[in-house]
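What follows is one structure encoded as structure tokens, with my remarks underneath.
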Amino acid sequence: MSELSAQEIVDLCIRHTLYDWQAQKAVNPIPVETAKGCEFWTVDGKRYLDFNSQLMGVNIGHGDPRIIRAIKEQAEKLAYITPFAATEVRAKLGRKMAEIMPGDLDKVFFTLGGAEANENAIRIARMVTGRHKILARYRSYHGATYATITLTGDPRRWANEPGMPGVIHVLDPYHGPDRPVDDAETALRYLEETIQLENPDSIAAFILEPVTGTNGILIPPDGYLQGVRELCDRYGILMIADEVMSGFGRTGEWFAVNHWGVVPDMITMAKGLTSSYVPLGAVGMRPKVHSYFDDHVYYGGLTYNSHPLALATALAMIEAYEQDGIFEHVRMMGEVMRRHHQELKDKHPSVGHVRNIGLFGIIELVRNRETMEPMAPFNGTSEEMKAVARYLDEHGLFTFVRWHTIMTNPPLIITEEQLAEGFEIIDGALELADRAVV
């Protein structure tokens, strides 16, 4: 039991700590005490079904004893050592990462999270190519550091401008509820035109989420990622796949790029790498990238690069994914999720689009299926979406309600029964949204 009451915990957290992405007077955090599997509980005993893996990161579920044991054993053996040292856990994890990464990617640089991984990836790209511009997409999120918030295309970037020079944003294949997906050829034509207009010889890298995360679980049309790979090769641009959310089984593969048989020049990771038990990120590199640093200094570093506790967590996590056949389970549950999505769309006129790849899913709400007007404006909310969010919270379902969407990204260990429970609660919330349909 907690020493403090739920209200005391909330009051002290708000008084003495700063919450991100919100005005502090609007903060209303859940006072969480414990978590297990796909569930967590408040100090007062209220149960929540975790339908978003927190920040799309607790892939293996909460409280896995194998992971906790690995952390304890490593802490007892060696809790920290300089990143200039060599350790057994660093050796083993490095070897394992080379096994699971796509193609010939065989070396990693470890960071504390996804934003640091992306920041180091673009730094590496600039050093290796001698070029300075970075292409990124508008419907993207790459982190909140100075560099990565500039890479980010969504409105979280706006308040942080002006940002890092040299970032050029390009259109995605996705254009909104009324025009969901371009064909690959059209999207690639726009991309190549931008490359030519920006001077290809000045572009170091193109960073993109293979499957876009918080900006809509946007699944690329077949041929798009292959076309990006070809354009990058043609113009000498490094392709960076941001797999911070989509990696480690979220889509039913180690990495989302595997669905399309594409090997990026660099791949960035975090979240599912340790299921968020311990902070860790990584930049994976192909030999043509990391070989540059055989004779050139890498001017970058972190006190917690290759932190033993984090590496032990990741190694145990990868073993757990393999032992439990998690990715096959994700593929099966992804089909179950697809059926639930379609049933909601068939039943509720407020549902405009549904999408998922594995257990990476979303529901888009609209006011009118003919016009496809979103239930909330771009970068905004509405009374209807607020009511939907309140309903989900009151009924113990934790997930993201962002703009006009409801995310469906549960832990990868979720059962068919738990999926049914979660979608039953969403079904009830959509009754509220249906009242706004015209």
Cross-chain or 6+ apart pairs with Cβ under 6 Å, segment 133-157 first and in the same structural domain as TYR235 (by TED's automatic domain parsing), then part of a helix (DSSP H, G or I) and polar (S, T, N, Q): LYS133/SER202; HIS142/ASN118; HIS142/THR148; GLY143/ASN118; THR148/ASN118; ILE149/ASN160
Residue among TYR304, TYR298 that alone is out of contact with any Ser or Thr (no Cβ under 9 Å at 6 or more places or on another chain), surrounded by fewer than 22 Cβ atoms within 10 Å (Cβ to Cβ), aromatic (Phe, Trp, Tyr) and part of a loop (DSSP other than H, G, I, E, B): TYR298
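Within segment 56-63, can one find any residue that is surrounded by 19 or more Cβ atoms within 10 Å (Cβ to Cβ), under 26 Å from GLN323 (Cβ atoms), modelled with pLDDT of 95 or more and among the β-branched types (Val, Ile, Thr)?
The initial filter retains those residues of segment 56-63 that are surrounded by 19 or more Cβ atoms within 10 Å (Cβ to Cβ), namely 56-62.
Of the ones still in play, those that are also under 26 Å from GLN323 (Cβ atoms) are 56-62.
Keeping just the survivors that are modelled with pLDDT of 95 or more gives 56-62.
From what is left, the residues that are among the β-branched types (Val, Ile, Thr) are 58, 60.
Yes, some residue in segment 56-63 is surrounded by 19 or more Cβ atoms within 10 Å (Cβ to Cβ), under 26 Å from GLN323 (Cβ atoms), modelled with pLDDT of 95 or more and among the β-branched types (Val, Ile, Thr).
Which one is farthest from ILE60 (Cα to Cα) among residues in segment 344-362 that are in a helix (DSSP H, G or I) and touching a helix residue (DSSP H, G or I) at 6+ places or on another chain (Cβ under 8 Å)?
To start, the set of residues in segment 344-362 that are in a helix (DSSP H, G or I) comprises 344-347.
Cutting the leftovers down to touching a helix residue (DSSP H, G or I) at 6+ places or on another chain (Cβ under 8 Å) gives us 344, 347.
Numbers: LEU344: 27, LYS347: 32 Å.
It comes out as LYS347.
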Search result, residues across segment 213-246 that are over 17 Å from ASN258 (Cβ atoms), within 20 Å of the chain's Cα centre (by Cα) and assigned to a strand (DSSP E or B): LEU218
Output for segment 250-261, where each listed residue is surrounded by fewer than 24 Cβ atoms within 10 Å (Cβ to Cβ) and closer than 18 Å to ALA98 by Cβ: GLU253, TRP254, ASN258
Filtered residues of segment 263-277 (kept if closer than 17 Å to PHE360 by Cβ and surrounded by fewer than 24 Cβ atoms within 10 Å (Cβ to Cβ)): SER276
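Tell me which residues, restricted to segment 383-409, are part of a helix (DSSP H, G or I) and surrounded by fewer than 21 Cβ atoms within 10 Å (Cβ to Cβ).
Going through segment 383-409, the residues part of a helix (DSSP H, G or I) turn out to be 383-394.
GLU383, GLU384, LYS386, ALA387, ALA389, ARG390, TYR391, ASP393, GLU394 - these are the residues of segment 383-409 that are part of a helix (DSSP H, G or I) and surrounded by fewer than 21 Cβ atoms within 10 Å (Cβ to Cβ).
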Number of positions in segment 194-243 that are in contact with a Lys or Arg (Cβ under 9 Å, 6 or more places away or on another chain) and aromatic (Phe, Trp, Tyr): 1
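When you scan segment 192-204, do you find a residue that is touching a Ser or Thr at 6+ places or on another chain (Cβ under 9 Å), buried (at least 22 other Cβ atoms within 10 Å of the Cβ), at pLDDT 95 or above and not in a loop (DSSP other than H, G, I, E, B), even just one? Break it down into steps so the answer makes sense when it comes.
So the first thing to find is which residues in segment 192-204 are touching a Ser or Thr at 6+ places or on another chain (Cβ under 9 Å), and the list is 203-204.
Filter once more, so that each one left must be buried (at least 22 other Cβ atoms within 10 Å of the Cβ): 203-204.
Adding the requirement that they be at pLDDT 95 or above leaves 203-204.
From the residues that got through so far, the ones that are not in a loop (DSSP other than H, G, I, E, B) too are 203-204.
Within segment 192-204, one or more residues are touching a Ser or Thr at 6+ places or on another chain (Cβ under 9 Å), buried (at least 22 other Cβ atoms within 10 Å of the Cβ), at pLDDT 95 or above and not in a loop (DSSP other than H, G, I, E, B).
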Residue tally, condition crowded, with 21+ Cβ neighbours inside 10 Å and of a type in the set (S, T, N, Q), over segment 123-173: 4
Residue check for TRP21: closer than 30 Å to THR251 by Cβ, loosely packed, with under 13 Cβ neighbours inside 10 Å and of a type in the set (A, V, I, L, M, F, W, C): yes
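Does segment 175-191 contain at least one residue that is within 18 Å of LEU151 (Cβ to Cβ) and touching an Asp or Glu at 6+ places or on another chain (Cβ under 6 Å)?
The first filter runs over segment 175-191 and keeps only residues within 18 Å of LEU151 (Cβ to Cβ), leaving 191.
Then drop every residue that is not touching an Asp or Glu at 6+ places or on another chain (Cβ under 6 Å), which leaves none.
For segment 175-191, residues within 18 Å of LEU151 (Cβ to Cβ) and touching an Asp or Glu at 6+ places or on another chain (Cβ under 6 Å): absent.
Name the one entry in ASP182, ASP172 that is among the charged types (D, E, K, R), closer than 24 Å to GLY284 by Cβ and under 23 Å from the mean Cα position of the chain (by Cα). Step through it out loud before you land on a result.
Values: ASP182 fails: closer than 24 Å to GLY284 by Cβ.
After ruling out the rest, the residue left standing is ASP172.
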Residue tally, condition within 27 Å of ILE326 (Cα to Cα), surrounded by fewer than 21 Cβ atoms within 10 Å (Cβ to Cβ) and among the small types (Gly, Ala, Ser), over segment 410-429: 1
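Just to check your reading of the model, which residue among ARG234, ARG250 is at pLDDT 95 or above, of a type in the set (Lys, Arg) and farther than 20 Å from MET407 by Cβ? Don't jump to the end; show me each part of the working.
Numbers: ARG250 fails: farther than 20 Å from MET407 by Cβ.
Just one listed residue meets the conditions, ARG234.
Hey, does segment 408-417 have a residue that's of a type in the set (A, V, I, L, M) and free of Cβ contacts under 8 Å to residues at least 40 places away in the same chain?
Start the filter on segment 408-417 by keeping residues that are of a type in the set (A, V, I, L, M), which leaves 412-414.
So of that shortlist, the ones also free of Cβ contacts under 8 Å to residues at least 40 places away in the same chain come out as none.
Checking segment 408-417: not a single residue is of a type in the set (A, V, I, L, M) and free of Cβ contacts under 8 Å to residues at least 40 places away in the same chain.
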Test: residue in segment 216-226 that is out of contact with any Ser or Thr (no Cβ under 7 Å at 6 or more places or on another chain), over 13 Å from TYR174 (Cβ atoms), of a type in the set (Val, Ile, Thr) and not assigned by TED's automatic domain parsing to the domain that holds PHE400: no
Unmet criterion (only one of (1) at negative phi; (2) among the aliphatic types (A, V, I, L, M); (3) in contact (Cβ under 8 Å) with a residue 12 or more places away in the chain; (4) not assigned by TED's automatic domain parsing to the domain that holds ALA312) for VAL89: (4)
Residue under evaluation HIS329, criteria (1) of a type outside the set (A, V, I, L, M, F, W, C); (2) within 20 Å of the chain's Cα centre (by Cα); (3) not assigned by TED's automatic domain parsing to the domain that holds CYS38, criterion not met: (3)
Single residue of LEU430, LEU412 found to be part of a loop (DSSP other than H, G, I, E, B), in contact with a Leu (Cβ under 7 Å, 6 or more places away or on another chain) and either assigned by TED's automatic domain parsing to the domain that holds ARG367 or small (Gly, Ala, Ser) (or both): LEU412
Restricting segment 312-343 to residues that are among the charged types (D, E, K, R) and farther than 24 Å from MET269 by Cα, the residue that is surrounded by the most Cβ atoms within 10 Å (Cβ to Cβ): ARG338
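The values are calculated or read from the model by the stated rules, or taken from the named source; none is laboratory data. Note that the coordinates shown come from a computational prediction; the quantities given were computed from them, not determined experimentally. Counting neighbours? That spans all protein chains shown, and the Cβs are built from the backbone with ideal geometry, glycine included.
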